[in-house]
Amino acid sequence: MGGNCFNLELNLKITDINTISFQVPRDRRATRWGYAEWNPDLPSSPMRILKITTDAGHVGYDTYGIAYGTFAPPQSVVDNLIKPLLIGEDPLNRELLWQWMTNHKGLSEGVVGCIDSALWDLLGRMADVPVYKLLGGYRDRVLAYCSTAPNLGSPEVYAQHALEAKARGYKAFKVHAYIYWNPHTNEPAPGKPAFPEEDLEVCRAVREAVGDDMVLMHDPWGVYTLQESIHVARELEKLNYYWLEHPMDERRMEAYIELSRSVDIPILAPELEPGSAYTRASWIRSRASDMGRIDVRQGGIVAAMKTVHLYEAFGQQCEIHGGGYGNLAVLGATSEETCKYYERGLTLPGVDRDIAPDYLLEPCDPLDDEGYVQIPQGPGLGIKLNWDYINDNLAND
């Protein structure tokens, strides 16, 4: 990188915002209960990325969806809501634009996160500097955990997958067991009643397989009752699991307060509660959980950094939810004391997680032999798009 991050053009204007839609292979099918069923033989489906352009020709892309399955907004949303707000504005005023978008009643946190990530990518490309350095670089690699897809099969399947992950170099492994799935009939289910005993069978099998020297976590994705959560938490304590993540509906903070009072294993939440730092301040004050959760889908890099610094001030961990370039930039600008892990997933037995998808020239998060993922070192968010593939597979929005 030969650029000078202090030699930036000022008084720039956003001149265009558009989405690029293209076909990609699909491996998840939506069920009637709103949770995906894994199937590697499905037909292709469209993916969208977002591009912001300035009057000087600088560009920035949203990147979370490219690496982790969340799409940019459709062009209709861009044309009707985003362009009227941002065209003609200075892209370097990221805090101002974030405040505008956050206060806009028509924009979801996911859309705000997409736009904000693209603005950071644009700045990094202009400066020829990685975004994590612009945020205040702290580290160039982060310890990863293998985060499984849900509903993989029997406890023995999970145990074998954990052994494969350990052999690959992972030092930590997170179980997503039976989520919106009936393990007895092998069919989609409505989520509640959940299957906590069957989940525990998976958790026990994984611990027995990998031994005592691997960090383990469990994430039931909000399907338990309070009583089930307390029971599962106490059983996980016996198995020396590191955390219990998002076990209940997060709209019920009082239930989380009671759970955190009742068990010793750290409770990791909220994961999906909107409001980023604003709502998590209430969770910290109420002692509703022991560790926090955030990702760039929930308002972008600006929101994630506000949240991380909030937890740092209170001496609590704030683990980043999910993978992707934006989350890696946040992790590169924070310490292990506050954000210890990178979530690498969702993984499936027999599927090579180290191969780049067709629309990227290289993987977003290659894992080294010590269980670490490198923070991308290229300018911006470090994404390297395979434009030959994208242009050959363009689709209607």
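The values are calculated or read from the model by the stated rules, or taken from the named source; none is laboratory data. A quick note: this is a predicted structure, and the numbers were derived from the prediction, not measured. For neighbour counting, all protein chains shown are included, and Cβ atoms are generated from backbone atoms with ideal geometry for every residue, glycine included. Heads up: the accessible areas ignore ligands, DNA and RNA and are worked out on the full protein's heavy atoms, side chains in. Shrake-Rupley method; radii C 1.70, N 1.55, O 1.52, S 1.80 Å.
General remarks:
- Residue count for the range 6-24 satisfying the condition of being closer than 21 Å to Ala72 by Cβ and in contact with a Pro (Cβ under 8 Å, 6 or more places away or on another chain): 6.
- Filtered residues of the range 50-64 (kept if in contact with a Ser or Thr (Cβ under 7 Å, 6 or more places away or on another chain), buried (at least 17 other Cβ atoms within 10 Å of the Cβ) and not polar (S, T, N, Q)): Leu50, Asp62, Tyr64
- Remark: pairs (first residue in the range 11-26, free of Cβ contacts under 8 Å to residues at least 40 places away in the same chain and under 10 Å from Met47 (Cβ atoms); second residue small (Gly, Ala, Ser) and open to solvent by less than 40 Å² (accessible area, probe 1.4 Å); Cβ separation under 9 Å; 6+ apart in sequence or on different chains) = Arg26/Ser45.
- Extreme residue, surrounded by the fewest Cβ atoms within 10 Å (Cβ to Cβ), among residues of the range 190-210 that are hydrophobic (A, V, I, L, M, F, W, C) and closer than 13 Å to Trp221 by Cβ: Phe195
- Any hit, the range 319-341, residues being in contact with a strand residue (DSSP E or B) (Cβ under 7 Å, 6 or more places away or on another chain), part of a helix (DSSP H, G or I), under 30 Å from Ser229 (Cα atoms) and touching a residue at least 24 places away in the same chain (Cβ under 8 Å): yes
- Conditions (1) loosely packed, with under 15 Cβ neighbours inside 10 Å; (2) in contact with a strand residue (DSSP E or B) (Cβ under 6 Å, 6 or more places away or on another chain); number of the one not met by Ile265: (1)
- Checked against (1) free of Cβ contacts under 8 Å to residues at least 40 places away in the same chain; (2) part of a helix (DSSP H, G or I); (3) closer than 30 Å to Asn103 by Cα, Glu228 passes all but condition (3).
- Verdict on Tyr224 being within 22 Å of Leu346 (Cα to Cα), touching a Leu at 6+ places or on another chain (Cβ under 6 Å) and either buried (at least 20 other Cβ atoms within 10 Å of the Cβ) or among the β-branched types (Val, Ile, Thr) (or both): no
- The range 312-364 - residue that is of a type in the set (Asp, Glu) and at pLDDT below 95 and, of those, surrounded by the most Cβ atoms within 10 Å (Cβ to Cβ): Asp358
- Residue match in the range 137-154 (condition: of a type in the set (S, T, N, Q), in contact (Cβ under 8 Å) with a residue 60 or more places away in the chain, touching a Lys or Arg at 6+ places or on another chain (Cβ under 6 Å) and open to solvent by less than 10 Å² (accessible area, probe 1.4 Å)): yes
- Counted as qualifying within the range 117-223 are the helices (runs of 4 or more DSSP H) with 3 or more residues that are farther than 30 Å from Ile14 by Cα, namely 155-168, 196-210.
- Selection within the range 227-252 - within 26 Å of Val111 (Cα to Cα) and open to solvent by 20 Å² or more (accessible area, probe 1.4 Å): Asp249, Arg251, Arg252
- Summed over the range 365-375, the residues that are open to solvent by 20 Å² or more (accessible area, probe 1.4 Å) and assigned to a loop (DSSP other than H, G, I, E, B) give a count of 4.
- Search result, residues across the range 83-106 that are buried (at least 20 other Cβ atoms within 10 Å of the Cβ) and within 23 Å of the chain's Cα centre (by Cα): Leu97, Trp98, Met101
- Which numbered condition Gly378 misses (of (1) small (Gly, Ala, Ser); (2) in a loop (DSSP other than H, G, I, E, B); (3) more than 23 Å from Leu122 (Cα to Cα)): (3)
- Apart from one condition, Asn182 fits all of (1) under 10 Å from Asn151 (Cα atoms); (2) within 23 Å of the chain's Cα centre (by Cα); the exception is (2).
- Options Leu259, Leu244; residue that is under 16 Å from Arg287 (Cβ atoms) and assigned to a strand (DSSP E or B): Leu244
- Test for Ala395: is it in contact with a Pro (Cβ under 7 Å, 6 or more places away or on another chain), farther than 30 Å from Leu96 by Cβ and either open to solvent by 60 Å² or more (accessible area, probe 1.4 Å) or not hydroxyl-bearing (Ser, Thr, Tyr) (or both): yes
- Count of residues meeting criterion [farther than 17 Å from Pro196 by Cβ and not in a loop (DSSP other than H, G, I, E, B)] in the range 247-256: 2
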